[in-house]
Amino acid sequence: MDLIDRLYQKIKEDPLSPKMLIVPSYSQGHQLLERICERFGSVFNVEVETLQGMVHANTAFELSRRKMRFLEDEQAFWVIRQLMLHQAEADPHSYITHKSMVNPGVVRKVHQSLVELRMAGVRSGEIHPNDFSNESKGWYLQQLLDRYETYLQEQALTDFAGLAEYCTPTADNTRFLLLQPAGWSRMEWDLIEKIAGSQLDIIHFEEPFYSHARFSNNRLMMFRAAGSLAEVREGFRRMIAEPEPLDQMEIMLSDYERYVSVLYSQAEASGVPCTFSNGLPISYCTAGKAALAILAWIKEGFPVARLTEMLRSGCLQIADHQASAVDWIRLLEQSGIGWGRHRYAGILDSRQRMGDGQQELGMKLHEVLQGWFDKLPEGSGWRPDLLLEWLGDFVEKHVPLHSSDDQNVKTAIQAWSTRLSGIRVGSMTPEWAVRYVTEILNGIRIRVDATPKPGAVHVTSIHNGGFSGRYRTWIVGMDERTWSMPIMQDPLLLDEERAAVSKHLQLVREQSKQFRNVRDARLSLICGELWLSYASYDPGERESRSPAFEMLQIMRLQSGDDTQDFSALERVLGQPYSVMDVLHPEERRSTYDEIDVWAQYLRDSSGTRDGWKAVSHAYPALAQGYLGQVNRQDERLSVYDGWLSTNKAGSDGILGQQAISVSQLEKYAACGLQYYFYSVLRLRPKEIPVFDRARWLQADERGTLLHHIYRLYLEEVTEFGTKPPQHDRRKLYRIVDQALDDAAKSIPAPSPHVQKKECEEIRRDAEVFYRNEEGKTEEPCYFELELGTPEGEPMELTLPEGMRVKLKGFVDRVDRIGPHEYRIIDYKTGNMKKYASAEYFSGGTQLQHALYSIAVEQWLHLTGKDIEARVTEAEYSFPTVRGRGEYVRRKQDRREELGDIISKLLDSMNQGLFIPAKDVKTCTWCKYQSVCGSHAEWMGNKRGAAVNAAVLGSLREVEEID
């Protein structure tokens, strides 16, 4: 008789008396009863219970009568953590000596050891430190267990081990049928014996499956694959190809956590319905993704990128009928917040970087985020219970709850918050709080279907499976490492220490042996068709894996030949299957998904087809990209190099009647392709600040701040350019301090140290500027001068030889250096390396000084400020420590050449010529580098090729001008 027969015989011995079937899980008990009913018909008076459920039901009244409360295992974990902290404070020389050592991993190990001691019936007074390899460890466990016992007594609490005191024998004639347990402790046996007494019957499993005679009658199929993904895909191919209904398949995972994600993704892709006995991680639903993502946002220092990622994936919603997720993403990315909780408040409150249409959205976002931050502590005042409460509120208000899974996650988070609310959790750093809560979330499961359902494949773990009675069983992951259940010694309770402390403390090696024996015996319940598979290679660890010994045993059992060895098993298994189906012969090949379709498409009876031809035919855009790469490497200039046959830029009027930006003209001379991306296609790389613990202000922010300081100072000491400057260092420092305060409010620094360091650097830059100005005799008269008409339109500029262009821009400063004689000044906060005095136009990349000189001169004439004005000099000034206060001045005596340069640049543009930079170094800091790749290098040979001379003539002439 098998287990089902023997269990049925026990049930029908006294059919009228109630029976209680005690099993490790309710699902196992219900599956066993279903199999009994399928084989023998209905049974009654049988109740399924677990030991925990039975004990709680038995002791509930007595606990209430004595006004005691039950301490759940999860709550005990936090109690023990607090006691460990107290012990570390009380005894600096204890085994765990510092608070920093009380981390989740250590607490979990200590909690596990104390539970084992309690379940073995060991009291603190029975622990002798000299029984341990390290007496300090013995003292630590003894004192901690004593603290725990005292805490339970003072708080009128009891844990599961203490429930034996409150158990009462059953008052009726209920028979207790206990399915053979594995690894039970002394207190577990005491509990069931106190309740059941002489009414207890133990139902033992049969002999291990690999030596069971009936087990050999099963139909066997074995295979191996190159990785867990390939293994699961091959199993699905076979499953779909078989005529048997899907709900006749049970899949048992030897490593549930490793395989369940792969199996779920394949089931979803192939449309195979599945139930999961152990459920799925919460990351497979919107609420779970959102909860884990927002914790990562906190852990990583509140980066904007996390929020925008959540908005894109749809797991975060900010309630507003007028704004979409795209609007919030754009607002966050353009805000310049980047990271840091204080930067959100400072920047959103100031709204300095927001356009007119974003002001209202910014206020709404500030309100929402401030609501989040107000409920989050700062410093070391974080607590996991409060973080869980905050997280539950966040999920409820800001996460779209579309499914029952989302609702279950929300409920589970709130339940955990309630569970910990009555426990002294204690304060900690945000890093530890987030880590603890993340561990809690990782333990929550969704889509838990403990028992099989009609119409669906049932997926279970190797420890829970084998009870369904389904015709086909597939055991996945039967490699030696996973299947052997390696023995891992407990560092706090080594086996020799366990033996010395108490005979009731189970040895780890004995526990492992019991679990293995029960597993192997339970699998003998399998009948029908058995599939065995394993991954012979682990891509993650890049190592080969061997089949479990039990695989060989089953093969021997099937063949009746005990002399077969692993080499025979290798021959039976054959070649490992891959992700793509290439091993099955054509007549047995089944199309599983698009990957297998490609496998069939690339192989036929004549051999392997031309892969590139097949791919390019299926994906024309990829073929076009390949053609572009080939043409770029060719000698002849083409559209793929940025030569448009007609000027498509001109259709937008960029070079027509609209105003020319000098900086964009210089950009074209430096790199036509960069100009095309920026000004014609209007592509903009996303400017998203990246968290840098060592930087406060970005380079452009720092430059803007210095320009602002210098302008304010000169306006004050010259009374807005109306009088010669009366320099005063105190005025400058006052302006610097005010500007730095304003910057700190709108752009919070990553730390006070970094802010102080950069403030001092800016003060030193200001000092360089002051010393330069103090010795000058020229009179500053215009600051941030906008070049335009009185109506605010771009001004029309007349160049030598009658060429006319419209110009827009700002001039940092204009100085009067003599009667009707002026100098324009452009501040540069970098170094002066690119502004060599020997280069005047620098191949067309430095036109600003010449164009602005003419523009300022004509502006002075047109406005009547000085109808005799002449701008004779232009200066690039470097008033910073980095620039060493130096300058480069250029006499404005080459204006005739300017018109020719601009004419040739415009001529090249009108030809549709937008080729990459001549100087490859230009690409080093280019924001479009990911688009271009090595294009500038490939253009090197094309520039000198005779075939391209006519097209490149005008541009090359400009590039040769110094």
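The values are calculated or read from the model by the stated rules, or taken from the named source; none is laboratory data. Everything numeric in this text was worked out from a predicted model, so none of it was measured. Glycine gets a Cβ as well: all are built from the backbone with ideal geometry, and neighbour counts include every protein chain shown. Areas reflect the complete protein model, heavy atoms only, side chains present, ligands, DNA and RNA absent. Shrake-Rupley method; radii C 1.70, N 1.55, O 1.52, S 1.80 Å.
Could you check the range 39-48 and list, in sequence order, the residues that are within 17 Å of Arg175 (Cβ to Cβ) and open to solvent by 60 Å² or more (accessible area, probe 1.4 Å)? Show your work before the answer.
From the range 39-48, those within 17 Å of Arg175 (Cβ to Cβ) are 43-48; that's our starting set.
Answer for the range 39-48, where residues must be within 17 Å of Arg175 (Cβ to Cβ) and open to solvent by 60 Å² or more (accessible area, probe 1.4 Å): Phe44, Asn45, Glu47.
Regarding Asp190, is this residue open to solvent by 40 Å² or more (accessible area, probe 1.4 Å), in the same structural domain as Pro547 (by TED's automatic domain parsing) and part of a helix (DSSP H, G or I)? Spell out how you get there, then give the answer.
On the way: open to solvent by 40 Å² or more (accessible area, probe 1.4 Å): yes; in the same structural domain as Pro547 (by TED's automatic domain parsing): no; part of a helix (DSSP H, G or I): yes.
Considered against the rule, which asks whether it is open to solvent by 40 Å² or more (accessible area, probe 1.4 Å), in the same structural domain as Pro547 (by TED's automatic domain parsing) and part of a helix (DSSP H, G or I), Asp190 comes out as no.
Every residue, every condition in (1) buried (at least 16 other Cβ atoms within 10 Å of the Cβ); (2) farther than 19 Å from Tyr887 by Cα; (3) of a type in the set (A, V, I, L, M), yes or no:
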| position | (1), (2), (3) |
| --- | --- |
| Val768 | yes, no, yes |
| Phe783 | yes, no, no |
| Gly788 | yes, yes, no |
| Gly802 | no, yes, no |
| Leu807 | yes, yes, yes |
| Val811 | yes, no, yes |
| Met832 | yes, no, yes |
| Ser842 | yes, no, no |
| Thr845 | yes, no, no |
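Run down Gly422, Gly465 and say which single residue is within 30 Å of Ala120 (Cα to Cα) and not assigned by TED's automatic domain parsing to the domain that holds Val262. Break it down into steps so the answer makes sense when it comes.
Details: Gly465 fails: not assigned by TED's automatic domain parsing to the domain that holds Val262.
Exactly one residue qualifies, and that residue is Gly422.
Mind checking which pairs have a first residue in the range 652-668 that is within 17 Å of Leu787 (Cα to Cα) and at pLDDT 70 or above and a second that is open to solvent by 30 Å² or more (accessible area, probe 1.4 Å) and assigned to a strand (DSSP E or B), Cβ under 7 Å, 6 or more apart or different chains?
Sorted first by the residue in the range 652-668, then by its partner, the pairs are Ile660/Lys806; Ser661/Lys808.
So for the range 913-924 (the condition being acidic (Asp, Glu) and either modelled with pLDDT of 90 or more or not in a helix (DSSP H, G or I) (or both)), does at least one residue qualify?
Here is the first cut: in the range 913-924, the residues acidic (Asp, Glu) are 919.
Remaining after also requiring either modelled with pLDDT of 90 or more or not in a helix (DSSP H, G or I) (or both): 919.
The answer is yes, given that some residue of the range 913-924 is acidic (Asp, Glu) and either modelled with pLDDT of 90 or more or not in a helix (DSSP H, G or I) (or both).
Does the range 202-221 hold any residues that are in contact with a helix residue (DSSP H, G or I) (Cβ under 6 Å, 6 or more places away or on another chain) and either closer than 30 Å to Gly540 by Cα or open to solvent by less than 30 Å² (accessible area, probe 1.4 Å) (or both), and which are they? Walk me through it before giving the result.
Start the filter on the range 202-221 by keeping residues that are in contact with a helix residue (DSSP H, G or I) (Cβ under 6 Å, 6 or more places away or on another chain), which leaves 203, 205-206, 208-210, 212, 215-216, 220.
The answer is Ile203, Phe205, Phe209, His212, Phe215, Leu220.
Restricting attention to the range 362-405, report how many residues are aliphatic (A, V, I, L, M) and farther than 22 Å from Gly288 by Cβ.
Pass one, the range 362-405, residues aliphatic (A, V, I, L, M): 363, 365, 368-369, 376, 386-388, 391, 395, 399, 401.
Subsequent filtering for residues that are farther than 22 Å from Gly288 by Cβ retains 363, 365, 369.
Final tally of qualifying residues: 3.
For the range 496-527, give me each residue that is within 17 Å of Glu550 (Cα to Cα) and of a type in the set (Val, Ile, Thr).
Matches in the range 496-527: Val518, Ile526.
Say we look at the range 400-446 and pick out the residues that are of a type in the set (Gly, Ala, Ser) and over 21 Å from Gln155 (Cβ atoms); which of these is most open to solvent (accessible area, probe 1.4 Å)? Don't jump to the end; show me each part of the working.
In the first step, residues of the range 400-446 are kept if they are of a type in the set (Gly, Ala, Ser); the result is 403-404, 412, 415, 417, 421-422, 426-427, 433, 443.
Applying the additional criterion that residues be over 21 Å from Gln155 (Cβ atoms) yields 403-404, 412, 415, 433, 443.
Details: Ser403: 47, Ser404: 80, Ala412: 25, Ala415: 42, Ala433: 0, Gly443: 58 Å².
Top of the filtered list is Ser404.
Quick check, is Leu369 open to solvent by less than 20 Å² (accessible area, probe 1.4 Å), farther than 25 Å from Val262 by Cβ and not small (Gly, Ala, Ser)? So that I can check it myself, show each step before the final result.
Working: open to solvent by less than 20 Å² (accessible area, probe 1.4 Å): yes; farther than 25 Å from Val262 by Cβ: yes; not small (Gly, Ala, Ser): yes.
Yes.
Arg224 - would you say it is modelled with pLDDT of 95 or more and either open to solvent by less than 50 Å² (accessible area, probe 1.4 Å) or within 32 Å of the chain's Cα centre (by Cα) (or both)?
For Arg224, the condition - modelled with pLDDT of 95 or more and either open to solvent by less than 50 Å² (accessible area, probe 1.4 Å) or within 32 Å of the chain's Cα centre (by Cα) (or both) - is met.
Residue by residue through the range 129-146, note down the ones that are outside any helix (DSSP H, G or I) and open to solvent by 30 Å² or more (accessible area, probe 1.4 Å). Give the steps one after another, and end with the answer.
Kept after step one, since they are outside any helix (DSSP H, G or I), are these residues of the range 129-146: 132-134.
Across the range 129-146, the qualifying residues are Ser133, Asn134.
Within the range 709-828, which strands (runs of 3 or more DSSP E) (wholly inside it) include 1 or more residues that are at positive phi? Quick ask: steps written out before the conclusion?
Values: elements: 779-787, 795-798, 804-818, 821-827.
So the answer is 779-787, 804-818.
Applying the selection to the range 933-962, what residues are among the charged types (D, E, K, R) and either more than 22 Å from Tyr840 (Cβ to Cβ) or part of a helix (DSSP H, G or I) (or both)? Even if it seems obvious, please write down each step before you answer.
If we filter the range 933-962 for residues that are among the charged types (D, E, K, R), which is where we start, we get 937, 942-943, 956-957, 959-960, 962.
Correct list: Glu937, Lys942, Arg943, Arg956, Glu957, Glu959.
When the residues of the range 158-179 are filtered to those that are touching a residue at least 60 places away in the same chain (Cβ under 8 Å) and surrounded by fewer than 17 Cβ atoms within 10 Å (Cβ to Cβ), which remaining residue is farthest from Glu47 (Cα to Cα)?
Looking at the filtered set, the residue picked out is Thr168.
Gln858 - would you say it is in contact (Cβ under 8 Å) with a residue 60 or more places away in the chain, surrounded by 19 or more Cβ atoms within 10 Å (Cβ to Cβ) and farther than 24 Å from Pro725 by Cα? Can you show your working first?
Details: in contact (Cβ under 8 Å) with a residue 60 or more places away in the chain: yes; surrounded by 19 or more Cβ atoms within 10 Å (Cβ to Cβ): no; farther than 24 Å from Pro725 by Cα: yes.
Against the criterion (in contact (Cβ under 8 Å) with a residue 60 or more places away in the chain, surrounded by 19 or more Cβ atoms within 10 Å (Cβ to Cβ) and farther than 24 Å from Pro725 by Cα), Gln858 does not qualify.
Considering only the range 744-762, state which residues are surrounded by 17 or more Cβ atoms within 10 Å (Cβ to Cβ) and either among the charged types (D, E, K, R) or modelled with pLDDT of 90 or more (or both).
Answer for the range 744-762, where residues must be surrounded by 17 or more Cβ atoms within 10 Å (Cβ to Cβ) and either among the charged types (D, E, K, R) or modelled with pLDDT of 90 or more (or both): Gln755, Glu758, Cys759, Ile762.
So which residues in the range 683-708 are over 22 Å from Glu300 (Cβ atoms), touching a residue at least 24 places away in the same chain (Cβ under 8 Å) and in a loop (DSSP other than H, G, I, E, B), if there are any at all?
Of everything in the range 683-708, those that are over 22 Å from Glu300 (Cβ atoms), touching a residue at least 24 places away in the same chain (Cβ under 8 Å) and in a loop (DSSP other than H, G, I, E, B) turn out to be Leu683, Pro685.
From the set of residues in the range 520-565 that are more than 36 Å from the chain's Cα centre (by Cα) and aromatic (Phe, Trp, Tyr), which is modelled with the lowest pLDDT?
Residues of the range 520-565 that are more than 36 Å from the chain's Cα centre (by Cα), as a first pass: 520-531, 549-565.
Filter again for aromatic (Phe, Trp, Tyr), leaving 531, 549.
Values: Trp531: 96, Phe549: 92.
Looking at the filtered set, the residue picked out is Phe549.
Given (1) in contact with a Pro (Cβ under 7 Å, 6 or more places away or on another chain); (2) open to solvent by 60 Å² or more (accessible area, probe 1.4 Å); (3) at pLDDT 90 or above, where does Ile867 come up short, assuming only one miss?
Condition not satisfied by Ile867: (1).
Scan the range 416-460 residue by residue and report those that are among the hydroxyl-bearing types (Ser, Thr, Tyr) and either modelled with pLDDT under 95 or over 25 Å from Ala521 (Cα atoms) (or both). Show your work before the answer.
First pass over the range 416-460, keeping only residues among the hydroxyl-bearing types (Ser, Thr, Tyr): 417-418, 421, 427, 429, 436, 438, 451, 460.
Of everything in the range 416-460, those that are among the hydroxyl-bearing types (Ser, Thr, Tyr) and either modelled with pLDDT under 95 or over 25 Å from Ala521 (Cα atoms) (or both) turn out to be Ser417, Thr418, Ser421, Ser427, Thr429, Tyr436, Thr438, Thr451.
Name the residue, out of Glu126, Glu149, Glu116, that is over 21 Å from Phe77 (Cβ atoms) and either touching an Asp or Glu at 6+ places or on another chain (Cβ under 9 Å) or open to solvent by 20 Å² or more (accessible area, probe 1.4 Å) (or both).
On the way: Glu149 fails: over 21 Å from Phe77 (Cβ atoms); Glu116 fails: over 21 Å from Phe77 (Cβ atoms).
So the residue among Glu126, Glu149, Glu116 that is over 21 Å from Phe77 (Cβ atoms) and either touching an Asp or Glu at 6+ places or on another chain (Cβ under 9 Å) or open to solvent by 20 Å² or more (accessible area, probe 1.4 Å) (or both) is Glu126.
Is there any pair with a first residue in the range 744-766 that is farther than 24 Å from Glu300 by Cα and a second that is open to solvent by 30 Å² or more (accessible area, probe 1.4 Å) and at pLDDT 90 or above whose Cβ atoms are under 6 Å apart and which are 6 or more apart or on different chains, and what are they?
Arg764/Val881; Asp765/Val881
For the range 11-25, name all the residues that are surrounded by 15 or more Cβ atoms within 10 Å (Cβ to Cβ) and in a helix (DSSP H, G or I).
Correct list: Ile11 only.
Find all pairs meeting these conditions: Cβ atoms under 7 angstrom apart; at least six residues apart or on different chains; first residue within the range 318-332 and under 19 Å from Gly371 (Cβ atoms); second residue of a type in the set (Phe, Trp, Tyr) and buried (at least 16 other Cβ atoms within 10 Å of the Cβ).
Ile318/Trp328
Filter the range 49-85 down to the residues that are under 17 Å from Thr174 (Cβ atoms), of a type in the set (S, T, N, Q) and open to solvent by 20 Å² or more (accessible area, probe 1.4 Å) and list them by number.
Within the range 49-85, Asn58 is the sole residue that qualifies.
Enumerate the pairs (first residue in the range 874-903 and acidic (Asp, Glu); second residue anywhere and open to solvent by less than 70 Å² (accessible area, probe 1.4 Å) and part of a loop (DSSP other than H, G, I, E, B)) with beta-carbon separation below 8 Å, excluding pairs fewer than 6 apart on the same chain, so at least 6 apart or on different chains.
Between residues of the range 874-903 that are acidic (Asp, Glu) and residues that are open to solvent by less than 70 Å² (accessible area, probe 1.4 Å) and part of a loop (DSSP other than H, G, I, E, B), the close pairs are Glu886/Met832; Glu886/Phe878; Glu897/Phe841; Glu897/Ile961.
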